[in-house]
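The values are calculated or read from the model by the stated rules, or taken from the named source; none is laboratory data. Since the structure is predicted, the reported quantities are computational estimates derived from the model, not experimental observations. Here Cβ is always computed from backbone atoms with ideal geometry, including for glycine, and neighbour counts include all displayed protein chains. To get the accessible areas, we keep the full protein, side chains included, count just its heavy atoms, and leave off ligands, DNA and RNA. Shrake-Rupley method; radii C 1.70, N 1.55, O 1.52, S 1.80 Å.
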Amino acid sequence: KSRIGKINKEFTEQIGKIAQQIAKGRRNEEETRRWCVDLLRSALGYKDADLETEASALGQRIDIAVKHEGRIIMVIECKAATIELTEKAVVQAANYASSVGADWVCVTNGHNWMLFKVTTLPGSEPDIAMIFNIGILDDDGLSKTDAQMLYLLTKASLLSGETMQAFHNESCMS
């Protein structure tokens with residue numbers, strides 16, 4: 001899969017920017033969002049038309065809405081590099097996704113990446129199932145497994161059913 005090689009190359013080239021933010025103690029969510037948009041384009045193969053940063057849900061701005069044929073298919077919630085990813089951030093993003101009919105949520109601070117399948121349940125909170133939670137600044141850096149997990153965020157994977165297959169595999173294992 002040449003896409004995994006490209007993911008590895010682009011993330012490796014860019015990771016210094018996030019490490020710098022952490023070293024400086026920066027708490028700037030906007031920098032993380034911009035960095036993520038760059039990676040969605042360069043590493044994950046998205047076009048400008050696939051990404052919207054002005055979409056809103058539940059009266060709030062969605063950090064990054066990934067679209068296909070005008071419909072939001074994934075909500076990406078960005079946090080500052082120095083902020084830990086919390087359940088609160090995941091639930092917030094899942095509620096946004098549920099309100100716009102998206103099946104997928106990614107929550108990231110640039111170095112930790114989490115992907116969830118969101119199932120909207122009428123009259124109750126959405127069901128949130130984790131597919132992966134990886135760190136690209138941990139001891140093994142951006143491992144081959146990390147790059148394979150990040151591939152699940154690509155439009156090709158989302159549309160071909162590979163991301164859904166990973167969800168089913170994860171569901172069977174847990």
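Please work out if Ala65 is within 25 Å of Gln20 (Cα to Cα) and in contact (Cβ under 8 Å) with a residue 12 or more places away in the chain. Answer is no for this residue. If the condition is being open to solvent by 30 Å² or more (accessible area, probe 1.4 Å), over 16 Å from Ile73 (Cα atoms) and not charged (D, E, K, R), then the stretch 119-139 contributes Leu121, Pro122, Gly123, Ser124, Met130, Asn133, Leu137. The condition of being open to solvent by 70 Å² or more (accessible area, probe 1.4 Å) and in contact (Cβ under 8 Å) with a residue 12 or more places away in the chain holds for only one of Leu142, Leu159, Leu150, that being Leu159. Summed over the stretch 127-174, residues that are among the aromatic types (Phe, Trp, Tyr), within 12 Å of Trp113 (Cβ to Cβ) and assigned to a helix (DSSP H, G or I) total 1. Scanning the stretch 162-171 for residues that are open to solvent by 50 Å² or more (accessible area, probe 1.4 Å) and over 16 Å from Asp127 (Cβ atoms) yields Glu162, Gln165, Asn169. Looking across the stretch 68-84, the residues that are free of Cβ contacts under 8 Å to residues at least 60 places away in the same chain and under 27 Å from Gly123 (Cα atoms) come down to Gly70, Arg71, Ile72, Val75, Ile76, Glu77. Taking the stated definitions as given, is Val118 within 17 Å of Leu44 (Cα to Cα) and either among the aliphatic types (A, V, I, L, M) or without any contact (Cβ under 8 Å) to a residue 12 or more places away in the chain (or both)? Spelling it out, it is not the case that Val118 is within 17 Å of Leu44 (Cα to Cα) and either among the aliphatic types (A, V, I, L, M) or without any contact (Cβ under 8 Å) to a residue 12 or more places away in the chain (or both).
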